[in-house]
Amino acid sequence: MALTRIPNSLHSAFSSRSVCHGNGNTSNNFLPDFCHIRIVFIVIVIAELLAFILALAPQGRALDRWSNLSLISLFMQWVALSCTALLCLCRNYLGRINDLAAGLLSFLLILLVTALLSEAAYWIGHNNGLDYAVISDPQTTFLLRNMTVSGIIGAVVLRYFYVQHQTRQTMEAESQSRIQALQSRIRPHFLFNSLNTVASLTRSQPALAETLIEDLAELFRVSLSDAARLSTLEEELALSRRYLGIEQLRLGDRLQVDWQIKDLPGTARLPALLIQPLVENAIYHGIEPCPKGGIIRIHGHLQNKRIIISIANPRMSRPHPERRNSNHMAMANIRERLRLYYGKQGRLETRQERTSFQASLSFPCQEHDNEHPDH
């Protein structure tokens, strides 16, 4: 296991193959992905519940309503699955129009499918003598009744999807506001030390001082960036490398870094500034208090479509109380951001021993900004 100070490049450390899988849903309106198995299951359940309701309600001359349940279920599932399939086929077009147009078009498609299948069901039932279809009501009444029921249920379901979408947007907006507030509190406490280092290098090594200022500016640019923007894992580790480069100038040989990140996908998306604060803590609470310095070990791997990154550092047996409290605040900050982005799927775990401390990040591997893990 080779120990290096700061690697010159991290680009070759990442796997070039795509290992994260997205859901591919590009719709921007309130309609869900009707091709998704979860939505299909919901539609089937709703249709079957409606079939039970209709079986218990008076149906023309039918005396035994339960005997008609199979025919009612068949017809309801026929209509429901046909509507779902049609909305699935139209999802790309529906995703490009506004909510009102998408809702009206979806409602009209539901009525059209219901009308066509009701017409087909009436003639099939009439020709085969099925009790449910051969009723005393004329064909027009049968058709209008089915379209009325379908229209009411369709409107309720579409309204439910719309309300759910609005609620989700409100929650995401609140989460983004909270993330922005949390992210605005991320200010590297090494700022004054870095400025002192720049001042000392300005005359003796002006080119190095300029590079240090550029790295420092990049750190704060990311810290002040839009909280809604997701970064890539490669960018996050490159940012950590910039930070370690600044600290290397100040700490010299006291700081060493062991990188083991070859198995990580560089294109994976994650919230900005999840890794750098942990590296900063490792130096502030681990390297600085130790007279001889030490090694920071940054290891990462991909496991079951989850990215796991651990950052370990040495620690004094009796750390300074103020530094320990600051560490708790930073950890709580990162845990809150993980929770807001990933829900229960994002975790930060710590392990503290007498002479070492380790923080481990774990979150889903995703490659697109519009992927949302199930919370």
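What the table below lists for this structure:
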read-out: Any chance residue 323 is surrounded by fewer than 19 Cβ atoms within 10 Å (Cβ to Cβ), at pLDDT 80 or above and of a type in the set (Lys, Arg); value: no
read-out: Every residue from region 64-91 that is modelled with pLDDT under 85, surrounded by 15 or more Cβ atoms within 10 Å (Cβ to Cβ) and either at positive phi or touching an Asp or Glu at 6+ places or on another chain (Cβ under 8 Å) (or both); value: 68, 71, 73
read-out: Qualifying residue in region 283-295 (condition: in a loop (DSSP other than H, G, I, E, B), at pLDDT below 90 and either under 17 Å from residue 359 (Cα atoms) or of a type in the set (D, E, K, R) (or both)); value: yes
read-out: Positions within region 255-282 being among the basic types (Lys, Arg) and outside any loop (DSSP other than H, G, I, E, B), in sequence order; value: 269
read-out: Selected residue (criterion: surrounded by the fewest Cβ atoms within 10 Å (Cβ to Cβ)) from residues of region 341-371 that are acidic (Asp, Glu) and modelled with pLDDT under 85; value: 369
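To keep it simple, each residue is scored yes or no on (1) surrounded by 13 or more Cβ atoms within 10 Å (Cβ to Cβ); (2) out of contact with any strand residue (DSSP E or B) (no Cβ under 7 Å at 6 or more places or on another chain); (3) at pLDDT 70 or above; (4) not in a helix (DSSP H, G or I).
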{"position": "130", "(1), (2), (3), (4)": "yes, yes, no, yes"}
{"position": "135", "(1), (2), (3), (4)": "yes, yes, no, yes"}
{"position": "143", "(1), (2), (3), (4)": "yes, yes, yes, no"}
{"position": "166", "(1), (2), (3), (4)": "no, yes, yes, no"}
{"position": "181", "(1), (2), (3), (4)": "no, yes, no, no"}
{"position": "187", "(1), (2), (3), (4)": "no, yes, no, yes"}
{"position": "199", "(1), (2), (3), (4)": "no, yes, yes, no"}
{"position": "208", "(1), (2), (3), (4)": "yes, yes, yes, no"}
{"position": "211", "(1), (2), (3), (4)": "yes, yes, yes, no"}
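Table: residues versus (1) over 24 Å from residue 342 (Cα atoms); (2) crowded, with 19+ Cβ neighbours inside 10 Å; (3) among the hydroxyl-bearing types (Ser, Thr, Tyr).
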residue	(1), (2), (3)
256	yes, no, no
260	yes, no, no
270	no, yes, no
276	no, yes, no
279	no, yes, no
284	yes, yes, yes
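The values are calculated or read from the model by the stated rules, or taken from the named source; none is laboratory data. On a predicted model such as this, the values are computed, not experimentally measured, just so you know. No Cβ is skipped: glycine too gets one built from the backbone with ideal geometry, and neighbour counts run over all protein chains shown.
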